[in-house]
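Notes follow once the structure below has been shown.
The values are calculated or read from the model by the stated rules, or taken from the named source; none is laboratory data. It should be emphasised that the depicted structure is a prediction, and the values quoted were computed from it without experimental measurement. Virtual Cβ from ideal backbone geometry, glycine too; neighbours counted across all protein chains shown. Surface accessibility is based on the protein's heavy atoms, side chains included, excluding ligands, DNA and RNA. Shrake-Rupley method; radii C 1.70, N 1.55, O 1.52, S 1.80 Å.
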Amino acid sequence: MAFTLPELGYAYDALEPAIDARTMEIHHTKHHQGYTNKLNAAIEGTNLAGKSIEDILSSLDMTNTAVRNNGGGYYNHCLYWQVIAPNDRGRLSGPLREAIDSAFGSVDSFKEHFAAAAKTRFGSGWAFLCVHEGGKVEVCSTPNQDNPLMPGVGCGGTPILGIDVWEHAYYLNYQNRRPDYVSAFMGIINWNVVEQKYEAAL
Ligand code: MN
């Protein structure tokens, strides 16, 4: 069963002005589709075919660069589309709010840590909020399409929020102003989904 490109669940222009329609369309139909196709090609006929993406990443041979790059790219972008929304975003509350307060002291402090990880990632990569066993949350950053589920990458744990800081995620609208893109992203996070992912990861 090959991996397929997920639907966004909203229109390409639905996140404007935070993320423009052209960027969304290219990102989804070209970049994410490309990772999807290359992941399928890389696992076809191997013992990875038929496994879930989580199983593939968590037991990955990190020297398998085709699956590392494209499997990471497939998973990371699936997460990215889910954790942003044009509306009905909810607000940070419940057990996730408690875990964030416990780890960072306050929601504002968490947002500063997360944004800083995104802004300071050199070159292309991601920042994530991850959940560890017991419910502790942590912010980390990875290069390229590496993902915390992969062995020895980032802070480990299960990612429940991720921001893409590859230039393809923002350059058309923001050019070199990554901090402005990160700030805009912080305003469109779908906390309903992030909370669901937190509770599912426990
Ligand atoms: Mn991307």
query = If you go through segment 167-174 one residue at a time, do you hit one that is under 16 Å from the mean Cα position of the chain (by Cα), within 27 Å of Leu202 (Cβ to Cβ) and at pLDDT 95 or above?
reply = no
ask   = Being among the polar types (S, T, N, Q), away from the ligand (no atom under 14 Å from the Cβ) and out of contact with any strand residue (DSSP E or B) (no Cβ under 7 Å at 6 or more places or on another chain), is that true of even one residue in segment 3-22?
value = yes
key: So Ile84, is it within 20 Å of the chain's Cα centre (by Cα), open to solvent by less than 40 Å² (accessible area, probe 1.4 Å) and within 18 Å of Val131 (Cβ to Cβ)   = no
note = Counted residues in segment 37-52 being over 18 Å from Pro6 (Cα atoms) and open to solvent by 80 Å² or more (accessible area, probe 1.4 Å) come to 3
Inter-residue pairs, beta-carbon under 6 Å, first at pLDDT below 95 and in segment 57-80, second aromatic (Phe, Trp, Tyr) and open to solvent by 20 Å² or more (accessible area, probe 1.4 Å), 6+ apart = none
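Any idea how many residues of segment 185-202 are of a type in the set (Gly, Ala, Ser), under 12 Å from Pro86 (Cα atoms) and surrounded by 14 or more Cβ atoms within 10 Å (Cβ to Cβ)?
0
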ask   = Only one of these conditions is not met by Lys30: (1) in a helix (DSSP H, G or I); (2) of a type outside the set (Gly, Ala, Ser); (3) surrounded by 12 or more Cβ atoms within 10 Å (Cβ to Cβ). Which number is it?
value = (3)
Failed item, numbered, when Asn192 is tested on (1) more than 15 Å from Gly125 (Cα to Cα); (2) among the polar types (S, T, N, Q); (3) part of a loop (DSSP other than H, G, I, E, B) = (3)
key: Hits in segment 1-20 - residues which are loosely packed, with under 15 Cβ neighbours inside 10 Å and of a type in the set (Gly, Ala, Ser)   = Ala2, Gly9, Ala11
request  = Output the residues belonging to segment 148-160 that are touching a residue at least 24 places away in the same chain (Cβ under 8 Å), more than 15 Å from Gly135 (Cβ to Cβ) and open to solvent by less than 10 Å² (accessible area, probe 1.4 Å).
outcome  = Met150
inquiry  = Here is a check on your reading of the model: is Glu133 of a type outside the set (S, T, N, Q), surrounded by fewer than 20 Cβ atoms within 10 Å (Cβ to Cβ), modelled with pLDDT under 95 and under 23 Å from Asn192 (Cα atoms)?
reply    = yes
